[in-house]
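A short write-up of the structure that comes next.
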Amino acid sequence: MTRDQNIEEQYRLKTQQWLEDNLDPLKERKPFSTLHWMPSKETEKNHHNACQQLQMKLYEAGFAGTTVPTEYGGHGGESWMQRIFREEAAGYQVHTGFYHSIISMALPALLKYGTDNQKREHIKTLISGEVSWCQLFSEPGAGSDLAGLGAKAELDGDEFVIHGQKVWNSAAMYADMGILLVRTNPNAHKHEGITFLLFDMNQPGVEVRPLIQAHGAGHFAEVFLDGARCHIKNVLGEIDKGWGPARVVMSNESAMIGGAAGDNPSQLIQLSQSLGRNHEPVLRQKLANVYSRNKLLKLMSDRISIAVRNGQMPPIHPSIVKLFVAQNRRIEGDLAQEILGAAGVVTSHTASEWAMEVLHSRYPISIGGGTDEVHHNNLGEQALGLPRDIRVDRGIPWKDIPKG
Ligand SMILES: Cc1cc2nc3c(=O)[nH]c(=O)nc-3n(C[C@H](O)[C@H](O)[C@H](O)COP(=O)(O)OP(=O)(O)OC[C@H]3O[C@@H](n4cnc5c(N)ncnc54)[C@H](O)[C@@H]3O)c2cc1C
């Protein structure tokens, strides 16, 4: 064994020991557990708090922010450490919910565009879970067409004064900070007059109204900004040039959602076994299909995340994994219902409730982080070089674009 192999082996043993001492193996958890099946505000809050505790625990142990430079509060490690952790943690619940999401989105933008002071101030508290962040991008009239956003920020001395509304902001009701996009130059073309702010949520002029979904979940909020303020030292990148860091956030968001392969295939196999249906040839083919697609997704998203961690361009366009995960959810949800038959719509039965949750999950996953249609456009234009989507607002100052 070479010296390097020896060091990696010691790290693997240390990781295994920590996981064994600190977390419950997944196989000891109840199968078919649901999160969004008739949840209450309390269950979601408890889940968010538990994710924060886990994020803090992982950080303390060196398993979060592993490769982030030490001067910004990271552990200054190397990417093979993350690979080993990922391999060893596969059998454990290490997902930290929206903490994982926002770190995956905001950290690369902070590392690329942040000033030294911004990195020192925000990275440690972000990766350690000490401070909760949210993403304040979408607006009622600007989701797919995000660059059309209209929340207005005007300079008053060294501070921006902000008026506008954001919507669909995941976990904003728990957030202390937000990554916020605002319109700072209405005379410029729509992509050019946007500024990216690191925004303090705990101040007058910020009203967070939780949104309750049809099935009771309260994942999102809408955020009203009425005279809220943000010092110019909290501009990420340059004033009016926020589209650059916003694109970094969005492409990491696609990769992050694509990385949420989940373990539906193993649950589907277990379900078909429990009903004695795992010998049916057609069903076996469908199980093999979901299993293979899940493995393919994991391999593709691993390739993207390794490249991102090494500061390289992703070898695959992130829209591919975003579209692939949404397709997988549709196939998995249909199969769960097919296996259960009429029992698939029975409530108060864990497997049925799980199957309904998988069935419904096709909607959020194919909308959040950009809809399927928008990602098809991205792939057509950016990966395949097809003619661009028709844009009637091209070359027009944002203020002159007709708005609904
Ligand atoms: C689970 C989840 C979490 C989210 N979290 C956040 C968050 O934390 N922060 C945040 O800011 N936002 C968040 N969002 C909002 C999300 O980014 C938007 O919902 C999404 O970008 C779509 O925008 P929209 O809802 O305004 O739909 P619209 O843009 O109004 O789209 C409506 C329909 O028109 C189609 N369409 C629009 N333009 C085109 C086009 N050019 N070509 C073809 N079809 C088109 C769309 O595909 C869609 O089917 C979240 C959404 C979900 C579902």
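See the values below:
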{"read-out": "Of residues in segment 364-374 being in a helix (DSSP H, G or I) and within 7 Å of the ligand (Cβ to nearest atom), the one nearest to V167 (Cα to Cα)", "value": "P364"}
{"read-out": "Residue match in segment 333-354 (condition: open to solvent by less than 30 Å² (accessible area, probe 1.4 Å), more than 12 Å from the ligand (Cβ to nearest atom), assigned to a helix (DSSP H, G or I) and more than 20 Å from N278 (Cβ to Cβ))", "value": "no"}
{"read-out": "Helices (runs of 4 or more DSSP H) fully within segment 61-151 counting 3 or more residues that are more than 16 Å from the ligand (Cβ to nearest atom), open to solvent by less than 20 Å² (accessible area, probe 1.4 Å) and in contact with a Pro (Cβ under 8 Å, 6 or more places away or on another chain)", "value": "none"}
{"read-out": "Residue match in segment 315-331 (condition: closer than 18 Å to V282 by Cβ and either modelled with pLDDT of 90 or more or open to solvent by 60 Å² or more (accessible area, probe 1.4 Å) (or both))", "value": "yes"}
{"read-out": "Lone qualifier among H231, H215 - being modelled with pLDDT of 95 or more and either on the phi > 0 side of the Ramachandran plot or surrounded by fewer than 16 Cβ atoms within 10 Å (Cβ to Cβ) (or both)", "value": "H231"}
{"read-out": "Residue match in segment 375-384 (condition: part of a helix (DSSP H, G or I), open to solvent by less than 90 Å² (accessible area, probe 1.4 Å), among the polar types (S, T, N, Q) and within 16 Å of the ligand (Cβ to nearest atom))", "value": "yes"}
{"read-out": "Test set (1) more than 16 Å from the ligand (Cβ to nearest atom); (2) buried (at least 20 other Cβ atoms within 10 Å of the Cβ); (3) among the hydrophobic types (A, V, I, L, M, F, W, C) - V358 fails condition number", "value": "(1)"}
{"read-out": "Test: residue in segment 306-314 that is under 30 Å from G276 (Cα atoms), more than 16 Å from the ligand (Cβ to nearest atom), part of a helix (DSSP H, G or I) and open to solvent by 30 Å² or more (accessible area, probe 1.4 Å)", "value": "no"}
{"read-out": "Close pairs from segment 370-391: first touching a residue at least 60 places away in the same chain (Cβ under 8 Å), partner open to solvent by less than 100 Å² (accessible area, probe 1.4 Å) and basic (K, R), Cβ under 6 Å, at least 6 apart", "value": "H375/K322"}
{"read-out": "Failed item in (1) open to solvent by 40 Å² or more (accessible area, probe 1.4 Å); (2) at pLDDT 95 or above, with K41 passing the rest", "value": "(2)"}
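So that you can scan it fast, the table gives a plain yes or no per residue for (1) open to solvent by 60 Å² or more (accessible area, probe 1.4 Å); (2) of a type in the set (D, E); (3) within 23 Å of G341 (Cα to Cα):
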| residue | (1), (2), (3) |
| --- | --- |
| G258 | no, no, no |
| L271 | no, no, yes |
| G276 | no, no, yes |
| P281 | yes, no, yes |
| A288 | no, no, yes |
| Y291 | yes, no, yes |
| K295 | yes, no, no |
| K298 | yes, no, no |
| R303 | yes, no, no |
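The values are calculated or read from the model by the stated rules, or taken from the named source; none is laboratory data. Note that this is a predicted model, so its numbers are computed, not measured. Because the Cβ atoms are built from the backbone with ideal geometry, glycine has one as well, and the counts that use them run over all protein chains shown. Just so you know, the surface numbers come from the protein's heavy atoms only, side chains and all, with ligands and any DNA or RNA stripped out. Shrake-Rupley method; radii C 1.70, N 1.55, O 1.52, S 1.80 Å.
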